[in-house]
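Every read-out reported here was derived from the displayed coordinates using simple, explicitly stated rules and does not represent laboratory data. Since this is a predicted model, take the numbers as computed values, not measurements. Because the Cβ atoms are built from the backbone with ideal geometry, glycine has one as well, and the counts that use them run over all protein chains shown.
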């Protein structure tokens, strides 16, 4: 393993650690099963749902409707998507930065990059649809 590969592994480990310390969260409207992306927050510092006016605005609840029951939860889909994206991009970089490059390594590197980009695209698509 060369220094470039070691750097890739260290950066991947750092990104993984940060994604565990600051996971993505979802606001959930328990009456309508509506979801809204709440962003990345400290694992023990969940997003606030006590401001009922903010929650009504986020979920577009009409003034004449009841408040509902709003909670937060970790966004499991986004967490697993991040893991897959990080894994495939890391493997792709490790193969691409190998000292001895063979055709097979380059092919697998391209495949892993493509899979990592697919998971990146699915993350973007998911975030757009959850916030729609």
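Quick notes on this structure:
- Size estimate for segment 24-74 follows the Kirkwood approach: the inverse of mean 1/r over distinct Cα pairs works out to 11.2 Å.
- Ranked for footprinting exposure by Cβ neighbours inside 10 Å, fewest first, 44, 36 give 44, 36.
- Using the alpha-carbon positions of segment 4-51, Rg (one decimal) and Dmax (whole number) come out as 15.4, 51 Å.
- Rounded tilt (10° steps) of 103-130 against the dominant C-alpha axis of the chain: 10 degrees
- Each Cα pair under 8 Å and six or more residues apart adds its separation to the average, and for segment 24-74 the resulting relative contact order is 49 percent.
- Coordinate range of the alpha-carbon atoms in the chain per principal axis, descending: 68, 26, 15 Å.
- Cα-based helix-to-principal-axis angle, 3-21 vs the chain, degrees rounded to 10: 10 degrees
- Dividing the helix sum by the residues of the chain, where each DSSP H run of 4 or more adds -39500 (n - 2.57), gives a mean residue ellipticity at 222 nm of -19500 deg cm²/dmol.
- Whole-number percent relative contact order across the chain, with pairs defined as alpha carbons under 8 Å at least 6 apart: 27 percent
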